[in-house]
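A.B. asks: Below you'll find the structure I mean.
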Amino acid sequence: MVEYTLKKNKLDHNYHHKSSAEFDNIINGYYQLIGGEVNNYDKETSKRLQSFGEELSRKRLYEKFTTFKADNDDMIIGNHLRLFSFCEHHLLPFFGEVAIGYIPDTKIFGLSKFQRLIDKVSSRPQLQERLTHQILEEIKNRLEPKGIGVVIKAIHTCVFARGTQSSTAEFTTSAVDGVFKENINTKNEFLSIINADGRLRL
Ligand SMILES: [Zn+2]
């Protein structure tokens, strides 16, 4: 379980500048849009969403990505990392798993930082394609590795909810850089390890 401890006054939410009544109005409007019965609306709902928003904000603002000295340049892989985000076109969740592999040059992360980093960039409305590249760029900028690969497999509830033929499809996106791009053997080593156990395990 990853803990986030940033102080409340550091939150970066836009709705923080709105009064509780204004925010409650917005949520009530959405509630009715999706068919909610006016009399059943629970005022606590907007408070619950507000604290959920604060949790997302703390994840976005996380910055303690301490690095350590690399002892060697063997490939490091984090697989089945958790992903939760919102599709920016429909504001509905998409979720799944992320695999990250890199070959260090001089720096490595502590292992828990993979998840922190995914949480940081996915805690806002996103596109899966952009998210994949952002995870790669964040690691590249912080560790300057010799090579890196990121693969995301996700289920989009906007596809599921709207009942298309492909409602159970999982969508895969990938991005590679450095030796993962230049050397097909390195890329294949990464892909064969992360794909060894197949589909999403959700
Ligand atoms: Zn969507």
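A.B. asks: Residues of the range 47-72 being acidic (Asp, Glu) and within 20 Å of residue 115 (Cβ to Cβ), which ones?
C.D. replies: Step one: of the range 47-72, the residues acidic (Asp, Glu) are 54-55, 63, 71.
Answer for the range 47-72, where residues must be acidic (Asp, Glu) and within 20 Å of residue 115 (Cβ to Cβ): 54, 55, 63.
A.B. asks: Filtering the range 98-126 down to residues that are in a strand (DSSP E or B) and within 16 Å of the ligand (Cβ to nearest atom), which residue is surrounded by the most Cβ atoms within 10 Å (Cβ to Cβ)?
C.D. replies: Initial filter on the range 98-126 (in a strand (DSSP E or B)): 98-103, 107-109, 125-126.
So of that shortlist, the ones also within 16 Å of the ligand (Cβ to nearest atom) come out as 125-126.
Values: 125: 13, 126: 18.
Among them, the one singled out is 126.
A.B. asks: Go through the range 35-74 and give me each residue that's more than 30 Å from residue 190 (Cα to Cα), hydroxyl-bearing (Ser, Thr, Tyr) and either out of contact with any Asp or Glu (no Cβ under 8 Å at 6 or more places or on another chain) or loosely packed, with under 13 Cβ neighbours inside 10 Å (or both).
C.D. replies: Across the range 35-74, the qualifying residues are 41, 45, 51.
A.B. asks: Would you point out the residue of the range 20-45, among those that are among the small types (Gly, Ala, Ser) and modelled with pLDDT of 95 or more, that is nearest to residue 144 (Cα to Cα)? Talk me through it step by step, then tell me what you get.
C.D. replies: To start, the set of residues in the range 20-45 that are among the small types (Gly, Ala, Ser) comprises 20-21, 29, 35-36.
Next, only the ones that are modelled with pLDDT of 95 or more stay: 29, 35-36.
Values: 29: 46, 35: 49, 36: 50 Å.
Residue satisfying both the conditions and the ranking: 29.
A.B. asks: Further question on the same structure: Tally up the residues in the range 75-97 that are away from the ligand (no atom under 14 Å from the Cβ), part of a strand (DSSP E or B) and farther than 12 Å from residue 153 by Cα, please.
C.D. replies: Number of matching residues: 3.
For every residue, the table says whether it meets (1) buried (at least 16 other Cβ atoms within 10 Å of the Cβ); (2) more than 12 Å from the chain's Cα centre (by Cα); (3) not in a strand (DSSP E or B).
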| site | (1), (2), (3) |
| --- | --- |
| 130 | no, no, yes |
| 135 | yes, no, yes |
| 145 | yes, yes, yes |
| 148 | yes, yes, no |
| 160 | yes, yes, yes |
| 169 | no, yes, yes |
| 175 | yes, yes, no |
| 181 | no, yes, yes |
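A.B. asks: Just to be sure I understand, how many residues within the range 99-115 are within 19 Å of residue 154 (Cβ to Cβ) and touching a helix residue (DSSP H, G or I) at 6+ places or on another chain (Cβ under 9 Å)? Don't jump to the end; show me each part of the working.
C.D. replies: First pass over the range 99-115, keeping only residues within 19 Å of residue 154 (Cβ to Cβ): 99-101, 114-115.
Of the ones still in play, those that are also touching a helix residue (DSSP H, G or I) at 6+ places or on another chain (Cβ under 9 Å) are 99-101, 114.
Qualifying residue count, the range 99-115: 4.
The values are calculated or read from the model by the stated rules, or taken from the named source; none is laboratory data. Computed from a predicted model, the values in this text were never measured in an experiment. Cβ sites come from the backbone with ideal geometry, for glycine too, and all protein chains shown count toward neighbours.
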